[in-house]
1. Applying the selection to region A:21-37, what residues are surrounded by 15 or more Cβ atoms within 10 Å (Cβ to Cβ) and at pLDDT 90 or above?
2. If you go through region A:44-53 one residue at a time, do you hit one that is farther than 19 Å from B:TYR35 by Cα and in contact (Cβ under 8 Å) with a residue 60 or more places away in the chain?
3. With respect to B:SER52, determine if the residue is assigned to a strand (DSSP E or B), among the polar types (S, T, N, Q) and more than 17 Å from A:LEU44 (Cβ to Cβ).
4. In a strand (DSSP E or B) and away from chain B (no Cβ under 13 Å), is that true of A:LYS20?
5. Look through A:LYS55, A:LYS64 and report the one residue that is assigned to a loop (DSSP other than H, G, I, E, B) and within 26 Å of A:ILE12 (Cβ to Cβ).
6. Under the condition of being part of a strand (DSSP E or B) and of a type in the set (A, V, I, L, M), which residue from region A:23-50 is nearest to A:PHE108 (Cα to Cα)?
7. B:GLN58 is checked against (1) within 11 Å of chain A (Cβ to nearest Cβ); (2) in contact with a strand residue (DSSP E or B) (Cβ under 9 Å, 6 or more places away or on another chain) and fails just one. What number does that condition carry?
8. State all residues of region B:73-94 that are within 14 Å of chain A (Cβ to nearest Cβ) and touching a residue at least 60 places away in the same chain (Cβ under 8 Å); if no residue qualifies, say none.
Amino acid sequence: GAVVSQHPSWVICKSGTSVKIECRSLDFQATTMFWYRQFPKQSLMLMATSNEGSKATYEQGVEKDKFLINHASLTLSTLTVTSAHPEDSSFYICSARDWREHYNEQFFGPGTRLTVL
Amino acid sequence: GQQVMQIPQYQHVQEGEDFTTYCNSSTTLSNIQWYKQRPGGHPVFLIQLVKSGEVKKQKRLTFQFGEAKKNSSLHITATQTTDVGTYFCAGLTMTTDSWGKFQFGAGTQVVVTP
């Protein structure tokens, strides 16, 4: 299957700082990327859908000014957690879809574990 | 809004036994996917079901999509310790922008006792 990478794999930051997480599709062009967050022993909650070249679509309850998403190219999407607070500590996972080759299948990145002190 | 419910939340299974996890959507789905997440890992795609009443098998795993395309099940026979993990269903509904959106069920955490 296709490969999606995420960087960093884990990050610890102080409250009030901003953290950028990168999601890359390594061997395919991702027309759509998704950002999820997962709390311990819970399901994946979709935060936003990111389509290349257009604004991200945020799910209800997700602050778009706090979670900035940029899908600048067909292989890269970034999620920036601005002014992070301890309650933002979570496992953030991106996934990518390539409609042309693997219709509807989502390829997940390895995730980024964010800890805000 | 759309809700995808998955039961049971936890499943303790003796090695060699069978078990089933169920996924129910409040709305009709375009398709449904199943994923497995090992402890500390990320979800890995298992299968996609598209057609009403579809049944697919992968070795000891049998996946079903209901006739109304609102429910699905995953049945594992002769459970092995390698089956440990959390199994998620993800239902796809089409959106007005035609990209579609997945909603994940809560997952079934499977623990296998040797």
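The values are calculated or read from the model by the stated rules, or taken from the named source; none is laboratory data. This one's a predicted model, so the numbers in the text were calculated from it and none came from an experiment. Neighbour counts are summed over all protein chains in view; Cβ atoms, including those assigned to glycine, are modelled from backbone coordinates with ideal geometry.
1. If the condition is that a residue be surrounded by 15 or more Cβ atoms within 10 Å (Cβ to Cβ) and at pLDDT 90 or above, then A:ILE21, A:GLU22, A:CYS23, A:ARG24, A:SER25, A:MET33, A:PHE34, A:TRP35, A:TYR36, A:ARG37 are the ones that fit.
2. No: zero hits.
3. Taking the combined requirement at face value, the residue does not satisfy it.
4. When the stated conditions are applied, A:LYS20 passes them.
5. The conditions single out A:LYS64.
6. A:MET33
7. (1)
8. Once the filter is applied, which keeps residues that are within 14 Å of chain A (Cβ to nearest Cβ) and touching a residue at least 60 places away in the same chain (Cβ under 8 Å), region B:73-94 yields B:TYR87, B:PHE88, B:CYS89, B:ALA90, B:GLY91, B:LEU92, B:THR93, B:MET94.
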